[in-house]
Structures are given as C-alpha cells and as structure tokens.
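The values are calculated or read from the model by the stated rules, or taken from the named source; none is laboratory data. If you're wondering where the values come from, they're calculated on a predicted model, not measured in any experiment. When we count neighbours, we look across all protein chains shown, and the Cβ atoms used for this are built from the backbone with ideal geometry, even at glycine. For accessibility, only protein heavy atoms count, side chains too; no ligands or nucleic acids. Shrake-Rupley method; radii C 1.70, N 1.55, O 1.52, S 1.80 Å.
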Amino acid sequence: MIRAVFPGSFDPPTLGHINIISRGAALFDSLDVVVAVNTRKTPLLKPPQIRTLLEEQIEVLKLSSVKVAVHNGLIVDYCRSIRANVLLRGVRSSSDFNYELELSILNKQLGGIETVFLPTEPRYLVLRSSTIKEILKYRGNISKMVPPSVEKALLKMV
Ligand code: ADP
C-alpha cells in the first residue's frame, strides 16, 4: 500500500497542479493533497478556500482516492501522522529540479521519506501560480490556466 502526499501552496491551484494530482492518483493507492501554510508569504487565497477549490476539482474528476488537507508545520510531520511513504512533486524545468532535489534530500533527512518527481506535460510547462497572479493583477485572461471555479474565485478578488 503506497500512501502519497502532494504538498504545495496551490495559491492559486492551476491546471498544472490538477494534472499532477490526476497522474498521482493513478500511481498510488491514496493521495493526500496538502495545502501548506506558508508563514512568510501573504497568500492571495486563504488555505481553507484553496482546499475547497481543490476538493471541487477532485470531485469533478471523480478521484476517490484523493483527499485534501491544510497543514501548518513541517510536511514530514504530516507524512508521519498519516504513515505516508512517498512525497509527490511536479517538475517543470531544470531550475525546478535543482530546488526540488535539495528539498527531497532535506525531507529524506528529516523524515526518512522518499520523493517521486513527475515531469510536467508540455502544455502546462509555463503555468506558475506566481505568473497567474501577475496576469490577474493586470486583468489578463487566465481561463486556459486554471479550472473555471478557480478563475471565478480569482476574478472576485481583483
Ligand atoms: P510550492 O510553494 O510548494 O512550490 P506550488 O503550489 O508552487 O507550491 O507547487 C506545488 C508543486 O506543484 C511543486 O512540486 C511544483 O513544482 C508543482 N507544479 C506547479 N506548477 C506545475 C506545473 N505547471 N506542472 C507540473 N508541476 C507543477
């Protein structure tokens, strides 16, 4: 039984994140998507709102082995609390990989947990939450980058 955890800020959730979640659901027995509370950044969307938006997409895609949680603290502690065996992360580029490699080594040291990387699909290569926030600020079109319910929630905020 392989229990995986996909942690991230998901601020906002993008089609790239949703793609990693669907592919992860097909690989592992269970997948917990964990909205990590980042105390250093002021989020655009609040973690409970992100959780609801992710849950809606999981429902649409009928991914019954996937659940969403909000966690404030070290991700290895969350993994330990549910006895997860694997951390799942997405990789878009070599710079993502450099960062993810260091993070995976740290998490292995801290919690003895392995990280599995999934390469992005080419159509999601340039999707980044930070870029979407920037486009949104100038009222650009984000409809091809995020699910419709996420777009709706974001448009209410500008
Ligand atoms: P974090 O602050 O933890 O990096 P993000 O929400 O930015 O949180 O990303 C969460 C995970 O999703 C990371 O592993 C990131 O590489 C991955 N990810 C983000 N966007 C994409 C995308 N377009 N394609 C594949 N993976 C992605």
**Fill in**
Note: among Tyr99, Tyr124, just one is among the aromatic types (Phe, Trp, Tyr), at pLDDT 95 or above, within 11 Å of the ligand (Cβ to nearest atom) and open to solvent by less than 50 Å² (accessible area, probe 1.4 Å), namely Tyr124
**Request:** May I ask you to verify whether Leu110 is assigned to a helix (DSSP H, G or I), open to solvent by 90 Å² or more (accessible area, probe 1.4 Å) and out of contact with any Pro (no Cβ under 8 Å at 6 or more places or on another chain)?
**Result:** yes
**Asked** Taking the stated definitions as given, is Lys67 open to solvent by 30 Å² or more (accessible area, probe 1.4 Å), touching a strand residue (DSSP E or B) at 6+ places or on another chain (Cβ under 6 Å) and without any contact (Cβ under 8 Å) to a residue 40 or more places away in the chain?
**Response** yes
**Asked** Would you pick out the residues in segment 1-36 that are assigned to a loop (DSSP other than H, G, I, E, B) and over 10 Å from the mean Cα position of the chain (by Cα)?
**Response** Met1, Ile2, Phe28, Asp29
**Prompt:** Which residue out of Thr14, Thr42 is out of contact with any helix residue (DSSP H, G or I) (no Cβ under 8 Å at 6 or more places or on another chain), over 22 Å from Glu114 (Cα atoms) and of a type in the set (Val, Ile, Thr)?
**Reply:** Thr42
**Prompt:** Taking into account only those residues within segment 7-20 that are more than 7 Å from the ligand (Cβ to nearest atom) and in contact with a Leu (Cβ under 7 Å, 6 or more places away or on another chain), which is most open to solvent (accessible area, probe 1.4 Å)?
**Reply:** Leu15
**Asked** Hey, Gln49 hits all of (1) without any contact (Cβ under 8 Å) to a residue 60 or more places away in the chain; (2) away from the ligand (no atom under 12 Å from the Cβ); (3) part of a helix (DSSP H, G or I) but one; which does it fall short on?
**Response** (1)
